[in-house]
1. Assign unit charges at the C-beta atoms only (+1 for Lys and Arg, -1 for Asp and Glu), then state the dipole size of the chain relative to its Cα centre in Debye, rounded to the nearest 20.
2. Work out from phi, with θ = phi - 60° and the Karplus expression 6.51 cos²θ - 1.76 cosθ + 1.60, the ³J(HN,Hα) of each residue of the stretch 46-63, listed in order in whole Hz, and give x for Gly and Pro.
3. Just want the answer: with Cβ charges of +1 for Lys and Arg and -1 for Asp and Glu, which residue in Ser54, Phe91, Trp80 is farthest toward the dipole's positive end in the stretch 44-109?
4. Rg and Dmax of the chain over Cα atoms: what are they, in angstrom?
Amino acid sequence: MIHFQNIAVVVEDELSGAIIKKLIAASGRNFAIDMMINARGYGQIKAEMEKFRSSSYALPHVVLTDLDNYRCPTALLDHWGATDLPPQLLFRIAVREVEAWLLADREGIAEFLHVAVNKVPNDPEAIAD
């Protein structure tokens, strides 16, 4: 019998939710998403970091946010007070935005969107927004 580890996932938007679901499924681990929180932007995630930290003791959490305009992930973590997190709270930051992860596969995203590959940026992490 397979034992599943229930987790909570916190994301900024539907796209981030879809991506994290795929990443969790591809992890090879027996995680089951018990709760998906779509924060509709980073504001709620930032405001509720302490709540997510506390809640993670009862149900492990995976939090995914975009780096956006912070100079580096450490600056975001410091500004949000997201340092010294418990091991059951996995906090991940997409540089610059989760969309850059998709655009990084130029051929794949061009095929999916039915556009020429030269229409897909070479360096999606350099795009401000």
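1. Roughly 340 debye, rounded to the nearest 20.
2. 4, 5, 10, 4, 5, 5, 5, 4, 5, 5, 5, 6, 8, 9, x, 10, 10, 10
3. Positive-most Cα among the choices belongs to Ser54.
4. Looking at the chain, its Cα Rg and Dmax stand at 15.9, 49 Å.
Read the figures in this text as sums done on the coordinates, not as results from a lab. These figures come from a predicted structure and were not determined experimentally. Glycine gets a Cβ as well: all are built from the backbone with ideal geometry, and neighbour counts include every protein chain shown.
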